[in-house]
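To start, the structure itself, in structure tokens.
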Amino acid sequence: HTYMTLTDVETRHELGLQDLTFDPDFHHNGFVYIYYQHKSTQRSRISRFIHEGDTADPETEVLIWESNAAFGACCHYGGGLEFSPIDGTLFFTTGDEGDPGATQSLTRTNGKVMRINIDGSLPEDNPFFDGPGPNLDEIYCLGLRNPFRGGFDPETGRYILGEVGQDQWENIYQAEPGANFGWPICEGNCVPTNPIYTD
């Protein structure tokens, strides 16, 4: 069992602890990664902590990633967090946070699959990577309403998403680099005819 008390966590509505995962080299370094909403900054973040014995000390927190804007007040914050068994990059999911149009923007974190390096740096082979340009270089897929879980199939290495639809669909998707799953233009088994890609 691992015990830790984080005091600066926003817990109203669907906010709070979204997911945690262990470093691929956990048995040697004791690193644990936690995806949560930080109360003081009002940002979603992924932080690394060091686990020793049966505890993980909050004082060891190292910020790995943080959203570029305050999280929405409504709902839908995603939650998947897992290392790729293929290249060791860290994948995680974000929900639309009650702002469906933001899922089609390459400058907003809402409604995406993200991919970062283990130290928080950004892989240059991500599909929308543009360096100093306006895109969020960590975006891997977009157009998702609330991908509450994501994980790798251990046999195939495919990244699979479980997503909450709106009125008619609950979705399971395979993430591919640059994929646009259509929300809010369409949902279910669809291809958006006019992706927005702007704010």
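The values are calculated or read from the model by the stated rules, or taken from the named source; none is laboratory data. Predicted model only: the values in this text are computed from it and were never measured. Ideal geometry is used to build each Cβ from the backbone, glycine not excepted, and the neighbour counts take in all protein chains shown. With ligands, DNA and RNA removed, areas are computed over all heavy atoms of the protein, side chains included. Shrake-Rupley method; radii C 1.70, N 1.55, O 1.52, S 1.80 Å.
The listed residues 65, 169, once ranked by accessible area (1.4 Å probe) with the largest placed first, stand as 169, 65.
Only the Cβ atoms of Lys and Arg (+1) and of Asp and Glu (-1) were treated as charged; on that basis the dipole of the chain about its Cα centre amounts to roughly 440 debye.
Rounded, prolate or oblate, given the Cα gyration tensor of region 101-199, with a/c below 1.5 counting as rounded?
oblate
With a simple spin-label model that places each label point 7 Å from the Cα along the Cα-to-Cβ direction, the separation between residue 125 and residue 190 comes to 3.3 nm. In the chain, helices alone account for a calculated mean residue ellipticity at 222 nm of -500 deg cm²/dmol, with every DSSP H run of four or more residues adding -39,500 (n - 2.57). The value of relative contact order for the chain, using C-alpha pairs under 8 Å at least six residues apart, is 15 percent.
Only protein heavy atoms count here; under a 1.4 Å probe, residue 54 has an accessible surface of about 80 Å². For residue 122, the residues whose amide H sits under 5 Å from its own are 117, ignoring neighbours fewer than 5 places away on the same chain, with H placed 1.01 Å from N. The length gained on full extension between residue 117 and residue 54, counted as 0.36 nm times the residue separation minus their Cα-Cα distance, comes to 20.0 nm. The modelled label-to-label distance for the pair residue 20/residue 168, using points 7 Å beyond Cα in the direction of Cβ, is 4.1 nm.
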